[in-house]
Structures are given as structure tokens and as C-alpha cells.
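The block underneath contains the structure these notes are about, expressed in C-alpha cells.
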Amino acid sequence: EAQVTQNPRYLITVTGKKLTVTCSQNMNHEYMSWYRQDPGLGLRQIYYSMNVEVTDKGDVPEGYKVSRKEKRNFPLILESPSPNQTSLYFCACRFVDNNSPLHFGNGTRLTVT
Amino acid sequence: AQSVTQLDSQVPVFEEAPVELRCNYSSSVSVYLFWYVQYPNQGLQLLLKYLSGSTLVKGINGFEAEFNKSQTSFHLRKPSVHISDTAEYFCAVSATGTASKLTFGTGTRLQVTL
């Protein structure tokens, strides 16, 4: 079954404590992306990757890092989380052609206190 | 750059009534248009997409959308909604071409009641 798997689903942490949200896909998609979803703001892109070892900033990259060492994995790293990063995060992937649909994970709800 | 406007943040509707969710976009180049649906506690999934050709696009669960280039709109419609259609709906746009990003609207919450 085609899947985008994010872990964890829920995470509560404190300011400044480094964390990683993992994302893995089994569809052999070249393109992967991270979004955050906030009420009234829709989805905003954090970072994306067109292929292995190729990453680029999206609209709201500050405070986040990513890596793409393997095609299937695209972890999101918060080196020093702050309360304004409390949000619902989604990983998504697709083939490199942008007329192909995005496939989303089920989300990670992060709370930073 | 592209932008998307979903003017209605919430749309309440009774079951079996028709519904239209509005989406307007802005772009100086040719675009692809998408509608995604998000059910509670889930990620987004594709409802339908317009790439080229016929301006009336049919998607899953009985939804359809019409691309109107002159009005830069891509409104989503369903002739008769069901309780299970309660969800958040996102319109999205990207320029044609490999490297263009997908820009989402702010979403419309469809609330279907008996």
C-alpha cells in the first residue's frame, strides 16, 4: 500500500529541546515537502526536496532544517523549538512533475511550551 | 508567483442540498489547479485536478469543478452533499512546469448537518 508515514503523530516538548519529525514514503517519489498548517493560514511550505541531496527553502523555513540522504526519507529538524512553532505539520511527496498529485502523511501535531 | 483566495472560511449546508465552494486564483502564467480534502485527523487527499483540456473536471465522491480562465476561478460543486462530506477543502495552484511550487488557499470548512 502506498504510504507516507510520519512519526510521531503527537509531540509535546519544551522550548529549546531539539526534536526530529520523521517522514518516510514507499512510492519512489523524487519530490518531498514539509508544510505547517495553522488556523486561518492554510498550508505553508517549510522546505522541499526535488531529489536526494537537493533541498530548498519554502515560504517559512526559519527555525527548521531538513535533510535528504535517501530518496524515501525526509526528516524535519527543529534545533531549538519555540512556542511559535506549535502547529500541525504535514509531510508530502509526489513525482517531480508538478501536475502529479501530492500524497500526504497523517500529520504531526506539535506543541512547544 | 501564484496566489489563491478562498473567500469562505466556513460553509454550513443541510444534507442533500447542493454546495459550491469558491476559489479564485492569480497568476501571470498558465496554471494547474487542484482541490484537496482533509477529513478530521487526516492528511490531505486529492479530490480533482485541472491540467488542460475540458474545463469541467470530475473528481471523487461526486464532486466537480469548473475552470474559468476569464474569471480566474475554479469553484468546487456537488449537487447533493452527505454528512460524510463534512471536511476542510483546500484549493491549490501551481504554474505549469517542473519546478513550480504548489500554493494552497486558506481552506473552507464544509459543515453538513441533517
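So that you can scan it fast, the table gives a plain yes or no per residue for (1) surrounded by 13 or more Cβ atoms within 10 Å (Cβ to Cβ); (2) over 13 Å from the mean Cα position of the chain (by Cα); (3) among the polar types (S, T, N, Q):
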residue: B:47; (1), (2), (3): yes, no, no
residue: B:74; (1), (2), (3): yes, no, no
residue: B:78; (1), (2), (3): yes, no, no
residue: B:96; (1), (2), (3): yes, yes, yes
residue: B:102; (1), (2), (3): yes, yes, no
residue: B:109; (1), (2), (3): yes, no, no
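Go through the range B:1-46 and give me each residue that's of a type in the set (A, V, I, L, M), part of a loop (DSSP other than H, G, I, E, B) and at pLDDT 95 or above.
B:17
Restricted to the range B:1-18, and to residues that are closer than 19 Å to residue B:50 by Cβ and within 13 Å of the chain's Cα centre (by Cα), which residue is surrounded by the fewest Cβ atoms within 10 Å (Cβ to Cβ)?
The extreme case among them is B:5.
Of everything in the range B:70-114, what is modelled with pLDDT under 95, in a loop (DSSP other than H, G, I, E, B) and over 16 Å from residue B:5 (Cβ atoms)? Give them in sequence order.
B:70, B:96, B:97, B:98, B:99, B:100, B:101, B:114
Kindly provide the set of residues from the range A:69-98 that are within 14 Å of chain B (Cβ to nearest Cβ) and touching a Cys at 6+ places or on another chain (Cβ under 7 Å), ordered by number.
A:91
Can residue A:16 be described as surrounded by 13 or more Cβ atoms within 10 Å (Cβ to Cβ), not in a strand (DSSP E or B) and not aliphatic (A, V, I, L, M)?
Values: surrounded by 13 or more Cβ atoms within 10 Å (Cβ to Cβ): no; not in a strand (DSSP E or B): yes; not aliphatic (A, V, I, L, M): yes.
No: the conditions fail for residue A:16.
Would a scan of the range A:34-50 turn up a residue that is more than 13 Å from chain B (Cβ to nearest Cβ) and either under 22 Å from residue B:97 (Cβ atoms) or part of a loop (DSSP other than H, G, I, E, B) (or both)?
No, the conditions are met nowhere in the range A:34-50.
For the range A:36-58, state whether one or more residues are out of contact with any helix residue (DSSP H, G or I) (no Cβ under 6 Å at 6 or more places or on another chain) and touching a residue at least 60 places away in the same chain (Cβ under 8 Å). Reasoning before the result, please.
Kept after step one, since they are out of contact with any helix residue (DSSP H, G or I) (no Cβ under 6 Å at 6 or more places or on another chain), are these residues of the range A:36-58: A:36-58.
Of the ones still in play, those that are also touching a residue at least 60 places away in the same chain (Cβ under 8 Å) are A:37.
The answer is yes, given that some residue of the range A:36-58 is out of contact with any helix residue (DSSP H, G or I) (no Cβ under 6 Å at 6 or more places or on another chain) and touching a residue at least 60 places away in the same chain (Cβ under 8 Å).
Please work out if residue A:98 is at pLDDT below 95 and either in contact with a strand residue (DSSP E or B) (Cβ under 6 Å, 6 or more places away or on another chain) or not aliphatic (A, V, I, L, M) (or both).
So residue A:98 fits the description; yes.
Output the number of the condition that residue B:21 fails; it satisfies all remaining conditions of (1) touching a residue at least 12 places away in the same chain (Cβ under 8 Å); (2) within 13 Å of chain A (Cβ to nearest Cβ); (3) closer than 20 Å to residue B:81 by Cα; (4) within 14 Å of the chain's Cα centre (by Cα).
(2)
Being touching a helix residue (DSSP H, G or I) at 6+ places or on another chain (Cβ under 6 Å) and either more than 9 Å from chain A (Cβ to nearest Cβ) or without any contact (Cβ under 8 Å) to a residue 60 or more places away in the chain (or both) narrows it down to one residue among B:101, B:78, B:49, B:58; which is it?
Answer to the check: B:78.
The values are calculated or read from the model by the stated rules, or taken from the named source; none is laboratory data. These numbers come from a predicted model, not from an experiment. Using ideal geometry, Cβ is built from the backbone for each residue, glycine included, and neighbour counts are taken over all protein chains shown.
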